[in-house]
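Structure first, then comments.
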Amino acid sequence: MLKDRFGRQIDYLRISVIDHCNLRCVYCMPLRGLSFIPSPELLTAEEIERVAAAAVSVGFRKFRLTGGEPTLRPDLVEIVGRIAALPGVDDVSMTTNAILLPRLAGPLADAGLGRINVHVDTFNPERLKKVMRFGTLDEIERGIAAAEAAGLRPVKINCVVTRDYNDMDVADVARRALERDWHARFIELMPLGGGEAARLSLSQFVPTRETRERIEAALGPLVALPRVQAADESRNYRVEGRRGVIGFISPVSEPYCGTCNRMRLTADGRFHLCLLNDDELDVKKVLRSGGAVADVAAVLARAVGLKPTGHRLEEGISTEERSMFQIGG
């Protein structure tokens, strides 16, 4: 098992498979001026499998596929199958906007995908267009239904709370979670990548305390659930007598860096050491020079050893090089 220099056990790898997305959320991707990684520079399915095998060899057990939007990757089912088949892998999950799940949920489940997190910021159709800009609520709802039919449960809803865009809808999202036995997770904005999206993340920031107060005013007191895993970034609650889980992810107002167990692999083959820092180590060079699993594991071990203690948002320091869609969340 790999531990970093602060004693944290690092055993969870988030793998970005693509930086393209079919949405343009206001806090993530601008409408213009975007450039994406050329296809030849993306890691192949075999290269991703080699990184996952290296991670397993040093104690990683949990893997999440992210993007951009991972369902835009044409070989996604193959990637899931390759990772899920590795001895020692306990959990393969994915974060998605669900739009393409009606045709993919079944094949992904058959390949070994266990769970999904669906990014949807509101269930109000008009405000969804304002904050997520592309896509429709009907498309997302059909994707969620397809995931549930394929057995990808429990569905977790990721709602990024943005003032004047969807903060007025958080109680409705929470209510739907209780009614449909989902896990709703309300996420604070993070100023990533500079530019328009990062500026909006600062100006429209809503602290978890305010989100929780809105939900409790509408649904009643939230009862804390015991933490099953110390590294879980979500602080989870129930409403007495109701199904579903309501969670809060608060990287800005209530940082959880001390229990972080994550490493990130970018779509162009770099280990990103901390979501809110720019430091990275290139592993694609090793992969494309014929490096074996042990060689990749050595780069991963070095990355874990260099992992910082936490972000420095309180000092006004965040990532400048990459935006959220380029890291994978």
Next on the checklist: Quick check on this structure: which one of Glu233, Glu280, Glu254 is charged (D, E, K, R), modelled with pLDDT under 95, within 30 Å of Glu179 (Cα to Cα) and buried (at least 18 other Cβ atoms within 10 Å of the Cβ)?
Outcome noted: Glu233
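If the requirement is being within 21 Å of Cys21 (Cβ to Cβ) and not charged (D, E, K, R), which of these qualifies: Leu178, Leu101? Spell out how you get there, then give the answer.
Details: Leu178 fails: within 21 Å of Cys21 (Cβ to Cβ).
The unique qualifying residue is Leu101.
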Checklist entry - Are any residues in segment 156-182 under 20 Å from Met94 (Cα atoms) and buried (at least 19 other Cβ atoms within 10 Å of the Cβ), and if so, which ones? => result Lys156, Ile157, Asn158, Cys159, Val160, Ala177, Trp182
Item to check | Lone qualifier among Leu275, Leu281 - being in a loop (DSSP other than H, G, I, E, B), within 20 Å of Arg64 (Cβ to Cβ) and either among the aliphatic types (A, V, I, L, M) or in contact with a helix residue (DSSP H, G or I) (Cβ under 7 Å, 6 or more places away or on another chain) (or both) | outcome: Leu275
Checklist entry - Of the residues in segment 237-251, how many are over 30 Å from Thr71 (Cα atoms), in contact (Cβ under 8 Å) with a residue 40 or more places away in the chain and surrounded by fewer than 20 Cβ atoms within 10 Å (Cβ to Cβ)? => result 1
Checklist entry - Hey, which of the helices (runs of 4 or more DSSP H) in segment 129-212, taking only ones fully inside, have at least 2 residues that are within 19 Å of the chain's Cα centre (by Cα) and closer than 19 Å to Gly114 by Cα? => result 137-149
Checklist entry - Does at least one position in segment 189-207 carry a residue that is among the small types (Gly, Ala, Ser), surrounded by 14 or more Cβ atoms within 10 Å (Cβ to Cβ) and modelled with pLDDT of 95 or more? => result no
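What residue, of Met94, Met29, is part of a strand (DSSP E or B) and either surrounded by 15 or more Cβ atoms within 10 Å (Cβ to Cβ) or out of contact with any strand residue (DSSP E or B) (no Cβ under 6 Å at 6 or more places or on another chain) (or both)? Spell out how you get there, then give the answer.
On the way: Met29 fails: part of a strand (DSSP E or B).
It is Met94.
In segment 85-101, what residues are polar (S, T, N, Q) and without any contact (Cβ under 8 Å) to a residue 40 or more places away in the chain?
The first filter runs over segment 85-101 and keeps only residues polar (S, T, N, Q), leaving 93, 95-97.
The answer is Ser93, and nothing else.
Just one of Val223, Val206 is farther than 22 Å from Leu275 by Cβ, without any contact (Cβ under 8 Å) to a residue 60 or more places away in the chain and touching a strand residue (DSSP E or B) at 6+ places or on another chain (Cβ under 9 Å); which is it? Explain how you work it out, then say what you get.
Values: Val206 fails: farther than 22 Å from Leu275 by Cβ.
Only one candidate passes the filter, namely Val223.
Consider segment 11-20. How many of its residues are in a loop (DSSP other than H, G, I, E, B) and either free of Cβ contacts under 8 Å to residues at least 12 places away in the same chain or surrounded by 21 or more Cβ atoms within 10 Å (Cβ to Cβ) (or both)?
Result for segment 11-20: 4.
When you go through Arg50, Arg8, Arg64, Arg82 one by one, which is the residue that is free of Cβ contacts under 8 Å to residues at least 40 places away in the same chain, of a type in the set (D, E, K, R) and crowded, with 19+ Cβ neighbours inside 10 Å? Give the derivation first.
On the way: Arg50 fails: free of Cβ contacts under 8 Å to residues at least 40 places away in the same chain; Arg8 fails: free of Cβ contacts under 8 Å to residues at least 40 places away in the same chain; Arg64 fails: free of Cβ contacts under 8 Å to residues at least 40 places away in the same chain.
One residue alone meets the criteria, Arg82.
The values are calculated or read from the model by the stated rules, or taken from the named source; none is laboratory data. These figures come from a predicted structure and were not determined experimentally. In this analysis, Cβ positions are derived from the backbone assuming ideal geometry, glycine residues included, and neighbour counts consider all displayed protein chains.
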